[in-house]
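The values are calculated or read from the model by the stated rules, or taken from the named source; none is laboratory data. In this text the structure is predicted, and so the values were computed from the model without any measurement. Using ideal geometry, Cβ is built from the backbone for each residue, glycine included, and neighbour counts are taken over all protein chains shown. Only protein heavy atoms, including side chains, enter the accessible area calculation; ligands, DNA and RNA are left aside. Shrake-Rupley method; radii C 1.70, N 1.55, O 1.52, S 1.80 Å.
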Amino acid sequence: MAEPEQAQLSFEDSEALRALVGGQGGNLRLLADAAGVSLNSRGNQISIAGPGEQVDLAGRTLNELYELIRQGYPVYEMDVDFAWRIISSDSHASLKDVFLDQVYITGKKRVISPKTLTQKAYFEAMRRHDIVFGIGPAGTGKTYLAMAMAVDWLVKGRVDRIVLARPAVEAGEKLGFLPGDLAEKVNPYLRPLYDALHDMMDFDKAGRLMAKGVIEVAPLAFMRGRTLNASFVILDEAQNATSEQMKMFLTRLGFDSRAVVTGDVTQVDLPGGTRSGLVEARRLLQGIEGIAFIEFKESDVVRHRLVREIIKAYDREGA
């Protein structure tokens, strides 16, 4: 059995080093577990011991996180996990390119930035393409990041309004038993979009913009017959749009507009025999200039660690 290799890193900025190590060494323990190495901090140095390749990758991760901290980026334990996943999947990746691609500062003063290479590619696709499809499992940030980009564009004056849409899967007989008019009946289906929106901006400000029609949250059926100019349009849960609904939505796009379509093709709730418009669009529209498809995987899940494990378990069962 090969002897473990060792490396020693020195850091001049003691304050940045304390942030890198984390409270009671929490960041180092997390990285050590993920990388399968031993990490020890003493003075202004961190020593690494373990398999050669893992030692190199762990050292690269520590150095890049240190530089992020020195540039004012607040590194938390979850960022250490994301950083290791990025570096270990692509040794040439730059954490600065990913983490410092900041899109919008929320009302709570939290920075919204990519946490995985796929999320970084998603941001870039939304900037460069008129229509972007974000396809993948829950928890990968498909809708949240699209919402962040939409609010960013609205604040900077690149679009005049934001339109958020979702299919109401039960828009048939079952919905009729609910009290209220049609808007009140479909409101529960739109709740996740309201939640994401209110996480991006002050509740009162969002209410004022919605009252003025600058931000609109509506069921997909309400898009029929419209042309959306100078708008950032998001269609969420698109796997539950029928083929006809998807065609209708995509042809609403007007001048100076962006459309982002998000969904998980493994979670289709349409009645048996009904084609998913998202599945069909992925097959038909690949290769068309101006349209981008970003495929998220389980490794891109940025929710609780258990969410990744749950998705893995169901994927294994499906396989």
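Taking the criterion of being assigned to a strand (DSSP E or B) and within 19 Å of residue 267 (Cβ to Cβ), the residues of segment 127-144 that qualify are 133, 134, 135. Only one entry in 47, 41, 91 is closer than 14 Å to residue 7 by Cα, in contact with a helix residue (DSSP H, G or I) (Cβ under 7 Å, 6 or more places away or on another chain) and either exposed (fewer than 15 other Cβ atoms within 10 Å of the Cβ) or hydroxyl-bearing (Ser, Thr, Tyr) (or both), namely 41. Have a look at 77, 3 and point out the one that is surrounded by 13 or more Cβ atoms within 10 Å (Cβ to Cβ) and at pLDDT below 90. It is 77. In segment 195-303, counting only strands (runs of 3 or more DSSP E) that sit wholly within it, the ones holding 1 or more residues that are under 12 Å from residue 164 (Cα atoms) span 215-219, 231-235, 258-263.
The number of residues in segment 6-35 being open to solvent by less than 50 Å² (accessible area, probe 1.4 Å) and at positive phi comes to 2.
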